1. Just to be sure, is residue 37 part of a strand (DSSP E or B), β-branched (Val, Ile, Thr), open to solvent by less than 50 Å² (accessible area, probe 1.4 Å) and within 25 Å of residue 8 (Cβ to Cβ)?
2. For the stretch 100-130, which positions are away from the ligand (no atom under 15 Å from the Cβ), in contact with a helix residue (DSSP H, G or I) (Cβ under 8 Å, 6 or more places away or on another chain) and charged (D, E, K, R)?
3. What number goes with the only condition from (1) within 16 Å of the ligand (Cβ to nearest atom); (2) of a type in the set (Gly, Ala, Ser); (3) open to solvent by 20 Å² or more (accessible area, probe 1.4 Å) that residue 95 does not pass?
4. Being in contact with a helix residue (DSSP H, G or I) (Cβ under 7 Å, 6 or more places away or on another chain) and among the aliphatic types (A, V, I, L, M) is the filter; apply it to the stretch 252-269 and report the residue that is surrounded by the most Cβ atoms within 10 Å (Cβ to Cβ).
5. Return the residue satisfying two criteria in turn: it lies in the stretch 43-80 and is of a type in the set (Asp, Glu) and either in contact (Cβ under 8 Å) with a residue 12 or more places away in the chain or buried (at least 20 other Cβ atoms within 10 Å of the Cβ) (or both), and of such residues it is nearest to residue 14 (Cα to Cα).
6. Of everything in the stretch 234-251, what is within 21 Å of the chain's Cα centre (by Cα) and either without any contact (Cβ under 8 Å) to a residue 12 or more places away in the chain or loosely packed, with under 15 Cβ neighbours inside 10 Å (or both)? Give them in sequence order.
7. What helices (runs of 4 or more DSSP H) lie completely within the stretch 133-235 and have 3 or more residues being more than 14 Å from the ligand (Cβ to nearest atom)?
8. Which condition number in (1) assigned to a strand (DSSP E or B); (2) closer than 21 Å to residue 139 by Cα; (3) away from the ligand (no atom under 13 Å from the Cβ) is the one that residue 21 fails?
Amino acid sequence: MLTQLTTDAVVVRAPAKVNLFLELHGKRTDGYHELATLMVAVSLYDTLELRDEPSGRIALTCDDPALSAGPENLVHRAAELLRKRTGSQRGARIGLNKRIPQAAGLAGGSSDAAAALDGLNRLWQLGLSRRELAALGAELGSDVAFFFATPAAWCTGRGEIVTAWPMGRPLHLLLVCPDAGLSTADVYRHATVPSAPESGEEIRRAVARGDWKEVGLRLHNRLQPPAEKLCPEVAALHARLRALRPTGQAMSGSGTALFAVCRDRRDALRLARRFRSSTGKQERERLASTGSGVRLFLVRSCD
Ligand code: C5P
């Protein structure tokens, strides 16, 4: 998260994340899954602008009409939770500029919540530590605490036990985001917990070395098979991406976004061009008639 202070506002950039590795270790009695995942924050951002609101209200506006700006929005819930726990009565006007695709496994909503906690902590001068903010974040969603440990972290428990992880070099990725989204809860409901889970040790070591070739070979996401069953477009796009032989490719989180590991930005750009020209005639006609499509983003790991 990058926070800037202007004369009357706090502006926070909320990055997306991808999962280079995600394994399930069990189903818990509270309905969540015990997991182990390696997450990396990437340079695709939502932006939050936070201003003081003398009336004491929390007023959220969002430039994406598809997203509710009501009390159920995680940004709203983050603000209410922060007030409740600190006893603060301050209000805020929050403008949310959405760029991260939703229901895509990129944790846009969780990142927005983390950015709201961080930004309001500054705006209201509450003095909470990052550790305290992360603990509050974990109450809002399994992925929120990660955003206080960027750029990379090994996350366990239901995702909220976060250990920062070193990255040897910046990582360049091509993100491939279909129009369709998936509900995280749905994907987990259809997932199978393996009897012999993968440890993720090799990929963690490769990330620490910045050995992206090795990382590409060891990408793993236990949620990909159920996501592909629920959304066949994920399987189709994965096959299309794999046919172009990038360094490696996988789905992020609970989907539907996919990513390809690239050697550098030029490699990512080349891959994006080849991906576009690999669209078949039938697919082009379908896209032209439905107006829907696949969005591509060239990103790199955050600093
Ligand atoms: O924590 P969050 O609200 O992001 O999770 C959304 C849903 O995903 C949960 O309600 C649960 O069904 C599922 N989930 C899970 N195990 C996790 C994280 C999420 O089963 N570790």
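1. no
2. If the condition is that a residue be away from the ligand (no atom under 15 Å from the Cβ), in contact with a helix residue (DSSP H, G or I) (Cβ under 8 Å, 6 or more places away or on another chain) and charged (D, E, K, R), then 118, 130 are the ones that fit.
3. Failing condition for residue 95: (1).
4. 258
5. The residue in question is 46.
6. 235
7. Counting at least 3 such residues, we get 201-209, 212-218, 224-230.
8. (2)
The values are calculated or read from the model by the stated rules, or taken from the named source; none is laboratory data. Quick caveat: nothing in here was measured; it's all calculated off a predicted structure. When we count neighbours, we look across all protein chains shown, and the Cβ atoms used for this are built from the backbone with ideal geometry, even at glycine. The accessibility values were calculated without ligands, DNA or RNA, using every heavy atom of the protein model including side chains. Shrake-Rupley method; radii C 1.70, N 1.55, O 1.52, S 1.80 Å.
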